[in-house]
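The values are calculated or read from the model by the stated rules, or taken from the named source; none is laboratory data. Nothing here was measured: the structure is a model prediction, and the numbers come from that model. Cβ placement follows ideal geometry from the backbone for every residue including glycine, while neighbour counts extend to all protein chains displayed.
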Amino acid sequence: MLDNNQRKAVYLPYTESAIIEAPPGHGKTFVMARRIEFLLQSGYIKPPKKILGLTFTNAAAGEMLDDIKLRINGKHLDLIKVMTFHSFCYKILRAYGNLLGYDRNFQIISELEQIRIIQGVSARLSLTLDETQFFDWCKETHLKNNPTYTSQYSSTASRIYEGYMNDLGNTKVDYDNLLLKTIELFEKFPVVLDAYRSIFRFILVDEFQDTNPLQFKFLLLLVFGNKLSAADGELVAPVFILADEAQAIYRFQAATPENIEFAKRVFNFTEVRLDINYRCNSESIINLTKAMRGDKTQASSTKTNLLISANPDEEAKVVLDRIKAYQGSLHDISVIAQNQFILGTIRNSLEKSNIPYVFIPDFSAKSIEKKYENIFGAISLFSAEKNFNGKISTRIRQVYSKNGVDENHDDVLKALLILASNFDAQARSLPFSEKALQFYNDIFVQLNWGNLLRKTVKNKIFLSTIHGVKGLQFAHVHILGLSCFEQIYSQVCMACNWGRNIRNILTPLDDAHKTLYVGSTRPQEKLYLYSTQKTNQGKMRKVVCLLTPYKDYLEIQGSPQFCGN
């Protein structure tokens, strides 16, 4: 059943573009699936026209497709393409990248290989530039679509980038260049862009608050063509966007939540807000998170627990006791914090108590590539094996055996093998070398290790940064480190406490508040909040100022002193 606002979103006239404000747990995927169902069953989309859905994770795309498959006739599935921005660009470049000089069988390079090439170019040109400065330049120039960006190291970064692109040649592409080169393709060869525009006559975009300016430009090209605006271009595809500015926590990766307001002006949207939480059954969590969004809501007698402990060791004892008291599976519990170093004490306590856990920061793409470099190196060579015609999973098992590793005792190796088995089932008809290349590229284009591990790891607690569990949900969530100088970066707290550059900390404070909100919306049943009066080094701490406005929603244990009072 659809609620009133969901019904309004689903049954909007086909020609209307819409932006749907979709807080966590409010049925976003359900609404997208039902909107697609409505368009297909009403006959608005007929062959050869198609619907394009763009998401930020392969897991989100899969979830949406699974929901759609339950609702529509199988013959309509060919009319729907749901994938990530980068997966879509990958497919476009595989088809037409030769117009830019690319080999159709190009390989996606890993972050580690990218860094090695950059270091090699820097050494060859006798140029010195910190990696962080180089990638900051790339972010500002490319992802933020600002080619005139200048800084004190722009000249050096530009020379290194030129050498880096020369070294990649026409057989290798990095993750960001999938988007950059697809836009270049569309701009240089409008006929290719027009071909895609003629096919995709309705476009849905999920998690729009996480788009960067380059992705927004990509969307404008699909909708308006090379004119890039409603004033000059013909809008051939209505746009259906789901966004939640309150969850915009990826600004540090060039995400630009201001894109929401830009899009409202460009597309003349109908606006709908989803207003019923279907994920969470806890009145205290619903009330607290509504208040965090700025919604008017009364605090009830049921409140969210905030524990004030003397120090992290005392805090960890309580967390352990609560974990042991939980009657469900361990994988339904997550312990999270703004920064991974805050989780050190609880990690040690879990290990001493022999309670199994998965530490998600260990599963960033870069960390995994580094730890399993030999494994991924071997997989990267599979595509050259012209005489082997078996399964990817078979070859991976052989690599494991050669490297003396056992997937039964390693979550990543087990997850990778499951992924390979699924890929084998989907790509039976492909020759092994082509299948191997696609599998390797998919690892770097589509794979989100956190989401994959959530599906494959059982009976282990999930320890993570808050960013690492965005999009995931758990029965019980424990948020640690809700003290000043911890939940908010120390530079921000110092500026605030000492009265310096207050204006400069407003954006970081807003980002920290949104991160806390995202963490607080992960649980279905129970949310525990924690703050310590002292660090393990004996430094005094107050409860973070972000919680000060929400005291009425908290059941406070201990003697709190709130920062900002």
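Go through (1) within 22 Å of the chain's Cα centre (by Cα); (2) over 27 Å from residue 387 (Cα atoms); (3) not polar (S, T, N, Q) one by one and return the number of the condition residue 409 breaks.
(1)
Look through 79, 12, 54 and report the one residue that is over 28 Å from residue 442 (Cα atoms), aliphatic (A, V, I, L, M) and buried (at least 17 other Cβ atoms within 10 Å of the Cβ). Working first, answer last.
Values: 79 fails: over 28 Å from residue 442 (Cα atoms); 54 fails: over 28 Å from residue 442 (Cα atoms).
Testing whether each residue is over 28 Å from residue 442 (Cα atoms), aliphatic (A, V, I, L, M) and buried (at least 17 other Cβ atoms within 10 Å of the Cβ) leaves just 12.
Could you please find all residues in the range 304-347 being touching a residue at least 60 places away in the same chain (Cβ under 8 Å) and acidic (Asp, Glu)?
Within the range 304-347, 313, 314, 315, 332 qualify.
Condition (residue is within 24 Å of the chain's Cα centre (by Cα), surrounded by 13 or more Cβ atoms within 10 Å (Cβ to Cβ) and either within 29 Å of residue 378 (Cβ to Cβ) or in the same structural domain as residue 444 (by TED's automatic domain parsing) (or both)) applied to the range 116-132: is it met by at least one residue?
No: the range 116-132 contains no residue that is within 24 Å of the chain's Cα centre (by Cα), surrounded by 13 or more Cβ atoms within 10 Å (Cβ to Cβ) and either within 29 Å of residue 378 (Cβ to Cβ) or in the same structural domain as residue 444 (by TED's automatic domain parsing) (or both).
Residues checked against (1) in contact with a helix residue (DSSP H, G or I) (Cβ under 8 Å, 6 or more places away or on another chain); (2) surrounded by 20 or more Cβ atoms within 10 Å (Cβ to Cβ); (3) outside any helix (DSSP H, G or I):
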site	(1), (2), (3)
336	yes, yes, yes
355	yes, no, yes
361	yes, no, no
367	yes, no, no
377	no, no, no
387	no, no, yes
390	yes, no, yes
394	no, no, no
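Taking the range 27-69, which residues are free of Cβ contacts under 8 Å to residues at least 12 places away in the same chain and either in a helix (DSSP H, G or I) or among the aliphatic types (A, V, I, L, M) (or both)?
62, 66, 69 - these are the residues of the range 27-69 that are free of Cβ contacts under 8 Å to residues at least 12 places away in the same chain and either in a helix (DSSP H, G or I) or among the aliphatic types (A, V, I, L, M) (or both).
Condition test on residue 533, is it under 15 Å from residue 310 (Cα atoms) and touching a residue at least 40 places away in the same chain (Cβ under 8 Å)?
Considered against the rule, which asks whether it is under 15 Å from residue 310 (Cα atoms) and touching a residue at least 40 places away in the same chain (Cβ under 8 Å), residue 533 comes out as yes.
I need the full set of residues from the range 141-160 which are surrounded by 18 or more Cβ atoms within 10 Å (Cβ to Cβ) and in a helix (DSSP H, G or I), in order please. Spell out how you get there, then give the answer.
Filtering the range 141-160 for residues surrounded by 18 or more Cβ atoms within 10 Å (Cβ to Cβ) gives 141-143, 145, 156-157, 160.
Those that are surrounded by 18 or more Cβ atoms within 10 Å (Cβ to Cβ) and in a helix (DSSP H, G or I): 141, 142, 143, 156, 157, 160.
I'm told residue 67 meets every condition in (1) under 23 Å from the mean Cα position of the chain (by Cα); (2) buried (at least 19 other Cβ atoms within 10 Å of the Cβ) except one. Can you identify the failing condition by its number?
(2)
For the range 338-353, name all the residues that are among the basic types (Lys, Arg) and either surrounded by 13 or more Cβ atoms within 10 Å (Cβ to Cβ) or under 14 Å from residue 531 (Cα atoms) (or both).
Once the filter is applied, which keeps residues that are among the basic types (Lys, Arg) and either surrounded by 13 or more Cβ atoms within 10 Å (Cβ to Cβ) or under 14 Å from residue 531 (Cα atoms) (or both), the range 338-353 yields only 347.
Report yes if residue 102 is in a loop (DSSP other than H, G, I, E, B), more than 23 Å from the chain's Cα centre (by Cα) and crowded, with 19+ Cβ neighbours inside 10 Å, otherwise no.
Numbers: in a loop (DSSP other than H, G, I, E, B): yes; more than 23 Å from the chain's Cα centre (by Cα): yes; crowded, with 19+ Cβ neighbours inside 10 Å: yes.
In short, yes.
Please tell me if residue 417 is in contact with a Lys or Arg (Cβ under 9 Å, 6 or more places away or on another chain), assigned by TED's automatic domain parsing to the domain that holds residue 545 and of a type in the set (A, V, I, L, M). Can you show your working first?
Details: in contact with a Lys or Arg (Cβ under 9 Å, 6 or more places away or on another chain): yes; assigned by TED's automatic domain parsing to the domain that holds residue 545: no; of a type in the set (A, V, I, L, M): yes.
No, not satisfied.
Test residue 20 against the stated conditions and say whether it is surrounded by 20 or more Cβ atoms within 10 Å (Cβ to Cβ), in contact with a strand residue (DSSP E or B) (Cβ under 6 Å, 6 or more places away or on another chain) and over 23 Å from residue 244 (Cα atoms).
Taking the combined requirement at face value, the residue does not satisfy it.
Just one of 286, 249 is assigned to a helix (DSSP H, G or I), among the β-branched types (Val, Ile, Thr), closer than 25 Å to residue 547 by Cβ and under 27 Å from the mean Cα position of the chain (by Cα); which is it?
Just one listed residue meets the conditions, 286.
What are the residue pairs meeting all of these: first residue in the range 170-196, first residue over 14 Å from residue 91 (Cα atoms), second residue surrounded by fewer than 17 Cβ atoms within 10 Å (Cβ to Cβ) and among the hydroxyl-bearing types (Ser, Thr, Tyr), Cβ atoms under 7 Å, and 6 or more apart or on different chains?
The qualifying pairs do not exist here.
What number of residues within the range 304-326 satisfy the criterion of being modelled with pLDDT of 95 or more and in a loop (DSSP other than H, G, I, E, B)?
The qualifying residues number 1.
What pairs come out if I take residues in the range 4-26 that are in a loop (DSSP other than H, G, I, E, B) and pair them with residues that are at pLDDT below 95 and of a type in the set (Asp, Glu) whose C-beta lies under 6 Å away, six or more apart or interchain?
Note: no pairs meet the criteria.
When the residues of the range 213-232 are filtered to those that are at pLDDT below 95 and either more than 22 Å from residue 50 (Cβ to Cβ) or charged (D, E, K, R) (or both), which remaining residue is nearest to the chain's Cα centre (by Cα)?
228
Are any residues in the range 180-222 polar (S, T, N, Q) and more than 28 Å from residue 21 (Cβ to Cβ), and if so, which ones? Can you show your working first?
Narrowing the range 180-222 to residues polar (S, T, N, Q): 182, 198, 209, 211-212, 215.
Passing the criteria: 182, 198.
Among the residues of the range 269-284, is there at least one that is surrounded by 21 or more Cβ atoms within 10 Å (Cβ to Cβ), modelled with pLDDT of 90 or more, in the same structural domain as residue 31 (by TED's automatic domain parsing) and of a type in the set (Phe, Trp, Tyr)?
no
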